[in-house]
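One structure below.
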Amino acid sequence: MDPYDVEGGAINVRFLEADSVRGKFLIQNFDLATANSLRRVMLSEVPTMAIDVVEVQNNTSVLADEFICHRLGLIPLNSKNVDDVLYSRDCECDGYCDQCSVILTLDAKCTGDEVMKVYARDLVVSEGRPNDEVGTPVITDPDGLGSVIVKLRKGQAVKMKCIAKKGIAKEHAKWAPSAAIGFEYDPNNKLRHLDYWYEEDAKKEWPIDEENSNIDGLPQDGEPFDFDAVPNRFFFDVETVGGLEPDQIVLQGIKVLQQKLASVIQELTGAEDTNMDGFGGGQSPQMNGGQGYGAPDPGYTTPYGNASVWGGAGGATPFGATPYGGSGNPW
């Protein structure tokens, strides 16, 4: 059977709505496991750019350094052509360089009597980045200001150097490409996967999504229940935070999922990895000392003498040997 063929029908994608902020589409003749895997990958493993390190040179505002740094990290940055940027773990530099980072500077001081607002537009991108788009603050409001970072009174100032790096949302939410991803496979509850709680009338108390329900086909009164039915059409609603357009989030999600599946095939078949980057998919810069996900846990020495809670020989724990082997009880 063709692996891209489900129940004898070709996979079909139908776009319901598409713009620069939101993309709604329907996948038909698909399976639930793969559809949900794509959703999870789009949420947490699509690489984007975000401010990761901030060097505070001056801050006389009422907000603490950490508060402003956190706000800077959540400002959406353009992540188009993010593949041109190396992960920190793959770069040979000491800290950051033009190949793995984008430098942004913030230098503002209030000299007037009115309260001064510092916006995302005030972040200045340094030259030397991998391409002309990546790392630029996303500004979509009509006034072209962007997100408010901090407010300053007369005499107050902020001066900071921001280093944006490539990462994924598994490490931190600031790297999340999507604000939310809607996922629905049974809008009319034909499969009876939900048992609605209601007081008087379930239909009135649980309004349905008219658009998705009509596409799925409204059930008829007295229609016999198919106990063998499985979901084969899935409604996706991808909403971006601005760094990537919805269609790019979907395409990048498919790419990462392919890489993860290739990694599984490689391990099962014993094939050699001819790609220097491997098939591991996206990784973030700070996991396990910059080695990303999957690096060996170095462990630590406990007051009880065990080598590591996770890495101790024979299943050793700070409270003695586990039932799965090992000897020697510190008690």
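Quick notes
- The Cβ shell under 12 Å around Val102 holds other residues with a net charge of -2, Lys and Arg each +1, Asp and Glu each -1.
- Neighbour net charge for Val54 - beta-carbon separation under 14 angstrom, K R +1, D E -1: 0
- Net charge contributed by nearby residues that have their C-beta within less than 12 Å of Ala33 (K/R +1, D/E -1): +1
- Label-point gap, in nm, between Ala229 and Leu145 - each point 7 angstrom along Cα→Cβ: 5.1 nm
- If the segment from Thr105 to Asp84 were pulled out straight at 0.36 nm per residue, it would be longer than the present Cα-Cα gap by 5.4 nm.
- When the inverse distances between all different Cα atoms of segment 97-191 are averaged and flipped, the Kirkwood radius reads 16.4 angstrom.
- Here the label points at Ala271 and Trp197, each 7 Å from Cα along the C-beta direction, are separated by 5.0 nm in the simple model.
- Number of Lys pairs (Cα under 23 Å; 8 or more positions apart or on different chains) in segment 97-213: 19
- The figure for Met116 is an accessible area of roughly 60 square angstrom, using a 1.4 Å probe on the protein chains alone.
- Annotation: for a label point projected 7 angstrom from Cα along Cα→Cβ of Asn36, residues of segment 195-232 with backbone N closer than 12 Å are 231.
- Packing order of peptides 238-247, 140-149, highest average first: 238-247, 140-149 (average count of other Cβ atoms within 10 Å over each peptide's residues).
- Three-way shape label, segment 33-97, alpha-carbon gyration tensor, a/c 1.5: oblate
- Furthest towards positive pole of dipole, Gln156, Ala173, Met116, structure part segment 100-212, Cβ charges: Gln156
The values are calculated or read from the model by the stated rules, or taken from the named source; none is laboratory data. These figures come from a predicted structure and were not determined experimentally. Positions of Cβ are generated from backbone atoms using ideal geometry, with glycine treated the same way; all protein chains shown enter the neighbour counts. Side chains are part of the model used for accessible areas, which takes the heavy atoms of the whole protein and leaves out ligands, DNA and RNA. Shrake-Rupley method; radii C 1.70, N 1.55, O 1.52, S 1.80 Å.
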